[in-house]
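Before any comments, here is the structure.
The values are calculated or read from the model by the stated rules, or taken from the named source; none is laboratory data. Quick caveat: nothing in here was measured; it's all calculated off a predicted structure. For neighbour counting, all protein chains shown are included, and Cβ atoms are generated from backbone atoms with ideal geometry for every residue, glycine included. These area figures cover heavy atoms from the full protein model, side chains too; ligands, DNA and RNA do not enter into them. Shrake-Rupley method; radii C 1.70, N 1.55, O 1.52, S 1.80 Å.
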Amino acid sequence: MSNLSSFVKSIRDVMRNDAGINGDAQRLEQIVWMLFLKVYDAKEDDWEMDYDNYQSIIPNECRWRNWAKEDQNGHVLTGDPLLEFVNNKLFPTLKNLPVNANTPIQKSIVQAVFADANNYMKDGVLLRQVVGIIDSLDLYNNQEVHAFGEIYETLLKSLQSAGSAGEFYTPRAVTDFMARMINPQIGEKMADFACGTGGFITSWLKELEKKVKTTADRDAYDNSIYGVEKKQFPYMLCITNMLLHDLENPNIIHGNSLISDVLDYTDKERFDVILMNPPYGGSEKKDVQGHFPNDLASSETADLFMAVIMYRLKKDGRAAVVLPDGFLFSTDDSAKVNLKKKLLNEFNLHTVIRLPASVFAPYTHITTNILFFDKTHPTKSTWFYRLDMPEG
């Protein structure tokens, strides 16, 4: 891939001429559903070789290989016929794929990814150009796959300048650091209950992979993650991300972690490790707060996620969580005070790292902190470290 750095830019340049697309967030969503189908098609080639009698959940005419590529005579679907196919055949079919509780994750994710996806483009010729650029990626070439990983990182980073979409991206330096300090072990399961594009999960897998030695280790690695994402766009990005990391059955749920009663969780629904950056600044309605004990029922989204984390961490489990100053220092909100009491009395909050205010810019300049704690014993002492922005 000779022109890696301009891959996303070249697609955006084509899309800017399409009257149906308004702004970066829509451009990125448009790119992502096509990237997903391209990556999924490549994975299906692998599955067809690995499994006897593999059957795709996608009907033949809707598989990437059968509509996005040239046929044997060099003809391609373009213009109005392409637009007609995408809008009236491809999307309705994928949104309504037959899925039930017994459908393997590797198949059910297709329907989940397209449940709320949209095609914004209105010009079939321009759509064909974008499809062609994405199809030029050679996902059967190891060097090309590595390059595609870099493209994907570029795409995720570009979310930071895409308005509110920036909330889905935690800088890789932060996720990598937190995963490294947590020190994943083979056999452990980690969770992120607001996983966005999968940054924490990716960093966890990168650290855990260093310890994979046997086939049994690889199986444990493949089954070591659990993610939940409420919003459709980052959910699509996350699933594609997991497929790129060779997770055939990525256990990523499209849903809301705050709408289950926290007192009802069983040991099977708790995790060895929790890594996450909960959404903050949001306000939750009374019906959501009703899933929490009265003394913890804050209206602040990040507070409720902190309650979920505490109820879903296993005994002897450990967590690393990014939280804003409001959680640490507010004393006029009884729910916040009670959450902090629970944290200090039932968990060992051994480390707090105060991050520079610009870490999450331009999305927010709120000062944030990384809390490292485990469920071993009440807090006896906490090491507090202020990380200032390095000069330059």
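Values for this structure:
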| read-out | value |
| --- | --- |
| Long-range HN-HN contacts of F347 with modeled amide H, under 5 Å | T379 |
| Top of S224, S299, S203 by mean-square fluctuation, Gaussian network on the chain, Cα under 10 Å | S299 |
| Distance violations [Cα-Cα > 29 Å] among K9/K211; K95/K314; K211/K341; K43/K231; K230/K375; K9/K210 | K9/K211; K95/K314; K211/K341; K9/K210 |
| Degrees separating the helix 172-182 axis from the principal Cα axis of the chain, which is the longest one | 50 degrees |
| Among (1) 61, 53, 40; (2) 73, 45, 44; (3) 66, 51, 50, the entry derived from the coordinates for Cα extents along the principal axes in Å | (2) |
| Estimated 222 nm signal from helices in the chain, with DSSP H stretches of n ≥ 4 weighted -39500 (n - 2.57), rounded to 500 | -13000 deg cm²/dmol |
| Vicinal HN-Hα couplings computed from phi for the stretch 229-234 (Karplus, 6.51 cos²θ - 1.76 cosθ + 1.60; Hz; Gly/Pro x) | 9, 7, 8, 5, 4, x |
| Test item: Cα-centred dipole of the stretch 159-299, Lys/Arg +1 and Asp/Glu -1 on Cβ, debye | 340 debye |
| 15 Å beta-carbon shell around K336, net charge (K/R +1, D/E -1) | -4 |
| Probe 1.4 Å - accessible area at R180, Å² to nearest ten | 120 Å² |
| 0 to 90° range, to nearest 10: angle between helix 124-135 axis and the chain longest Cα axis | 70 degrees |
| Rounded to the nearest 20 debye, dipole of the chain from Cβ charges on Lys, Arg, Asp, Glu | 940 debye |
| For the chain, built as a Gaussian network whose Cα springs stay under 10 Å, the top-fluctuating residue of A19, A115, A302 | A19 |
| Among T379, T197, T215, residue whose mean-square fluctuation peaks in a GNM of the chain (springs only between Cα atoms under 10 Å) | T215 |
| Among V321, N87, A101 the positive-end extreme of the charge dipole of the chain (Cβ point charges) | V321 |
| Mean Cα-pair separation over length for the chain, i.e. relative contact order, pairs under 8 Å, 6 or more apart, % | 13 percent |
| Charge dipole of the stretch 168-291 about the Cα centre (unit charges at C-beta), most positive-ward option of N249, V288, S203 | S203 |
